[in-house]
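Asks: Before I ask anything, let me first share the structure, which is written out below as structure tokens.
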Amino acid sequence: MRTIRALCLSLVALLGVLALVAPAGADWPRSRESKPLVIGHRGAHGYLPAHTLEGYALAIELGADYIEPDLVMTRDGHLIARHEPNLIATTNVKDLPQFADRKRVAVVDGVAEEGWFASDFTLTEIKQLRAVQDFGERPQQFNGKFEIPTLEEIIELAKRKTEEKGRTIGVYPETKHPTYHQTIGLPLEGALVTALRRAGWNQREAPVFIQSFEQANLKALRKMTPVRLVQLVDANDVNPDGTLDFTAPFDRPYDWTVSQDPNLRARLFSFFVTEPGLREIRTYADGIGPWKRYIVSTAAVDLNGDGQVGDENGDGKVDEADRKLLPAKDLIRRAHDHGLVVHTWTFRNEARRLPSDYRGNPVNEYLQLYALGVDGVFSDFPDTAVAARVLFRLAQDPDFARCFTGDDDAGGPRDCTGAGR
């Protein structure tokens with residue numbers, strides 16, 4: 001892993017070789033976007049608390065092409081970046097006495113949760129909170145240091161970094177729990193489109209993807225904006241035999257659950273990866289964002305022969321390290337046949353999150369998915385994703401090896417922008 005880390009650090013200085021782009025806010029040929037895209041999941045969540053300007057900036061420094069803000073709304077109508085409406089796990093709100101009386105129970109997508117909810121706070125009050133790292137095994141020394149950003153602040157960061165780095169930095173917002181937000185009178189869609197319009201990014205060629213686990217939300221956005229849309233595809237877990245588990249609330253988009261349409265209520269997320277599902281997605285979106293287990297699933301195994309399958313994390317789920325890969329499915333090819341891009345999630349470096357076939361090396365997971373033809377990856381560790389992308393390109397394209405090292409005497413047409421696959 002030290003060798004991989006050294007390579008990652010060296011790549012930061014070489015990123016100018018990997019992308020040739022236009023100024024911030026301008027149109028540019030999407031053919032120049034790096035392939036596969038590296039999307040900084042919640043920023044650089046492996047290193048810093050999720051959804052902070054500092055985390056997004058670190059993701060950019062580590063080579064991410066896009067940064068991903070999850071969006072929820074404040075009481076006074078501002079879009080802020082938090083993973084969920086409930087602030088309890090990702091901020092220090094529980095430690096602030098001035099907000100002790102805001103603690104309550106709310107029902108989000110049919111599930112009762114206790115905590116502090118963004119919709120009970122004004123933006124001014126949100127700015128009194130600080131982000132914390134919600135993964136216990138990741139660095140905790142940055143807890144309480146960084147503010148909660150607005151969507152506008154994130155867009156401005158992407159534009160500043162585009163100018164600074166000389167490569168386009170895109171924004172990949174997710175509308176979180178849109179049905180829930182509609183029921184509390186704080187719909188997300190109009191505010192999101194307004195922010196994009198003010199930024200000059202409400203256009204097809206803007207460096208923007210919008211993603212959602214809900215379908216009605218994306219269909220509404222399709223009528224409001226020409227930017228690229230992605231249908232996320234979830235599941236609850238993987239069964240021991242490798243089939244997917246669809247326990248609620250991760251069984252279907254919540255707008256289907258509350259729909260009066262019996263056909264929608266009878267569907268699961270898995271409908272989206274069928275041929276009828278892909279055809280349906282193509283009518284309102286430009287891509288799919290499936291959990292990676294839809295592409296390569298895993299089966300539980302007793303690796304040490306003790307008759308048990310491990311749960312080292314104590315969360316009641318089989319650790320990925322106690323699973324083996326099953327043969328890859330054909331979802332990527334079929335989605336491409338329908339003209340859809342495939343951006344899959346989430347890639348993490350911790351050994352317990354890696355199926356045993358990868359031998360504890362996260363690069364091996366990227367290399368497999370890149371070889372299968374995925375168009376983008378959401379990564380908590382974007383430096384590892386970028387390093388793996390370079391390694392994949394070096395293995396596939398001898399000409400790239402020469403231009404990557406700056407060999408000006410290499411002959412023949414070469415693509416040194418990182419846009420080739």
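The values are calculated or read from the model by the stated rules, or taken from the named source; none is laboratory data. The structure displayed is predicted, hence computed values, not measured ones. All Cβ positions, glycine included, derive from the backbone under ideal geometry; neighbour counts span all protein chains shown.
Asks: Give the residues of the stretch 246-270 that are crowded, with 19+ Cβ neighbours inside 10 Å, part of a helix (DSSP H, G or I) and in contact with a helix residue (DSSP H, G or I) (Cβ under 8 Å, 6 or more places away or on another chain), sorted by residue number.
Replies: TYR254, ASP255, TRP256
Asks: Restricting to the stretch 257-277, what's the tally of residues that are among the aliphatic types (A, V, I, L, M) and more than 23 Å from MET224 (Cβ to Cβ)?
Replies: Result for the stretch 257-277: 3.
Asks: I need the full set of residues from the stretch 318-335 which are exposed (fewer than 14 other Cβ atoms within 10 Å of the Cβ) and not basic (Lys, Arg), in order please.
Replies: PRO327, ASP330
Asks: Return the residues of the stretch 27-83 that are farther than 19 Å from ASN143 by Cα, touching an Asp or Glu at 6+ places or on another chain (Cβ under 7 Å), part of a loop (DSSP other than H, G, I, E, B) and modelled with pLDDT of 95 or more; say none if nothing qualifies.
Replies: PRO36, LEU62, GLY63, ASP65, ARG75
Asks: Please list, ordered by first then second residue, the pairs with beta carbon atoms under 9 Å, 6 or more apart or interchain, first in the stretch 157-186 and over 17 Å from ALA59 (Cβ atoms), second of a type in the set (S, T, N, Q) and part of a loop (DSSP other than H, G, I, E, B).
Replies: Close Cβ pairs (under 9 Å, with a partner that is of a type in the set (S, T, N, Q) and part of a loop (DSSP other than H, G, I, E, B)) amount to LEU186/THR74.
Asks: Is at least one residue of the stretch 155-166 among the basic types (Lys, Arg), surrounded by fewer than 18 Cβ atoms within 10 Å (Cβ to Cβ) and not in a loop (DSSP other than H, G, I, E, B)? Even if it seems obvious, please write down each step before you answer.
Replies: Pass one, the stretch 155-166, residues among the basic types (Lys, Arg): 159-161, 165.
Next cut, surrounded by fewer than 18 Cβ atoms within 10 Å (Cβ to Cβ) only: 160, 165.
Subsequent filtering for residues that are not in a loop (DSSP other than H, G, I, E, B) retains 160, 165.
Yes, the stretch 155-166 has at least one match.
Asks: In the stretch 219-229, what residues are surrounded by 15 or more Cβ atoms within 10 Å (Cβ to Cβ) and more than 20 Å from TYR180 (Cβ to Cβ)?
Replies: Correct list: ARG222, THR225, VAL227, ARG228.
Asks: Now a separate question. Which residues, counting only those in the stretch 179-218, are assigned to a helix (DSSP H, G or I), buried (at least 21 other Cβ atoms within 10 Å of the Cβ) and among the small types (Gly, Ala, Ser)?
Replies: ALA195
Asks: What single numbered condition from (1) assigned to a helix (DSSP H, G or I); (2) closer than 30 Å to THR274 by Cβ fails to hold for LYS329?
Replies: The number of the failed condition is (1).
Asks: Would you check if GLY63 is farther than 14 Å from PRO49 by Cα and crowded, with 24+ Cβ neighbours inside 10 Å? Steps first, answer last, please.
Replies: Numbers: farther than 14 Å from PRO49 by Cα: yes; crowded, with 24+ Cβ neighbours inside 10 Å: yes.
Considered against the rule, which asks whether it is farther than 14 Å from PRO49 by Cα and crowded, with 24+ Cβ neighbours inside 10 Å, GLY63 comes out as yes.
Asks: All but one of (1) out of contact with any Phe, Trp or Tyr (no Cβ under 9 Å at 6 or more places or on another chain); (2) modelled with pLDDT of 85 or more; (3) over 19 Å from GLY63 (Cα atoms) hold for PHE400; which doesn't?
Replies: (3)
Asks: Restricting to the stretch 230-245, name every residue that is acidic (Asp, Glu), in a loop (DSSP other than H, G, I, E, B) and surrounded by fewer than 16 Cβ atoms within 10 Å (Cβ to Cβ).
Replies: ASP241 - this is the single residue of the stretch 230-245 that is acidic (Asp, Glu), in a loop (DSSP other than H, G, I, E, B) and surrounded by fewer than 16 Cβ atoms within 10 Å (Cβ to Cβ).
Asks: Before we move on, is ALA371 modelled with pLDDT of 95 or more, in a helix (DSSP H, G or I) and buried (at least 17 other Cβ atoms within 10 Å of the Cβ)? Before you say what the answer is, go through the steps one by one.
Replies: On the way: modelled with pLDDT of 95 or more: yes; in a helix (DSSP H, G or I): yes; buried (at least 17 other Cβ atoms within 10 Å of the Cβ): no.
In short, no.
Asks: State yes or no: is PHE121 of a type in the set (A, V, I, L, M, F, W, C), within 25 Å of TYR254 (Cα to Cα), surrounded by 15 or more Cβ atoms within 10 Å (Cβ to Cβ) and over 23 Å from the mean Cα position of the chain (by Cα)?
Replies: yes
Asks: Let me ask something additional. Tally up the residues in the stretch 222-247 that are in contact with a strand residue (DSSP E or B) (Cβ under 7 Å, 6 or more places away or on another chain), without any contact (Cβ under 8 Å) to a residue 40 or more places away in the chain and over 24 Å from ARG323 (Cα atoms), please.
Replies: The total comes to 1.
Asks: Of the residues in the stretch 84-103, how many are assigned to a loop (DSSP other than H, G, I, E, B) and either of a type outside the set (Asp, Glu) or closer than 20 Å to GLU152 by Cβ (or both)?
Replies: 8
Asks: So which of ALA106, ALA112 ends up being crowded, with 17+ Cβ neighbours inside 10 Å and either in contact with a His (Cβ under 7 Å, 6 or more places away or on another chain) or not in a helix (DSSP H, G or I) (or both)?
Replies: Going through ALA106, ALA112 in turn, the sole match is ALA106.
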